[in-house]
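The values are calculated or read from the model by the stated rules, or taken from the named source; none is laboratory data. Keep in mind that what you see is a predicted model, and the values were worked out from it rather than measured. With ligands, DNA and RNA removed, areas are computed over all heavy atoms of the protein, side chains included. Shrake-Rupley method; radii C 1.70, N 1.55, O 1.52, S 1.80 Å.
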Amino acid sequence: MKSAPSTTPAAGGGPDKVWVNTASKTKAYHCQGDKYYGTTKQGQYMTKAQAESQGYHASKSSKACG
């Protein structure tokens, strides 16, 4: 069962950060402005380059980050 995202994003994000959903088997990250940015049950902020170097990709709802 999927849990609903929190309504309050985790502290520490910003325009140069993506939110990596560390619990996701799909290895997706979310960009600022996406409804899941900072709100999934488990995750962490990192740069887009860091996320991609660890095998993560933009989520379908994020499309592409700047």
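Here are the numbers for this structure:
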read-out: Convex hull of the chain built on C-alpha atoms - directionally averaged projected area, nm²; value: 4.1 nm²
read-out: Amide H contacts of residue 43 (H built 1.01 Å from N, under 5 Å, at least 5 apart or other chain); value: 22
read-out: Rounded accessible area per residue of segment 15-61, 1.4 Å, Å²; value: 60 Å²
read-out: Residues whose placed amide H lies under 5 Å from that of residue 58, excluding near-sequence neighbours; value: 29
read-out: Accessible area of the chain belonging to carbon and sulfur atoms, whole % at 1.4 Å probe; value: 53 percent
read-out: The chain: calculated mean residue ellipticity at 222 nm from DSSP helix runs of at least 4, using -39500 (n - 2.57); value: -2000 deg cm²/dmol
read-out: Table column - 3J(HN,Hα) (Hz), segment 41-53, Karplus curve with 6.51, -1.76, 1.60, x for Gly and Pro; value: 4, 10, x, 7, 8, 7, 6, 4, 4, 4, 4, 5, 5
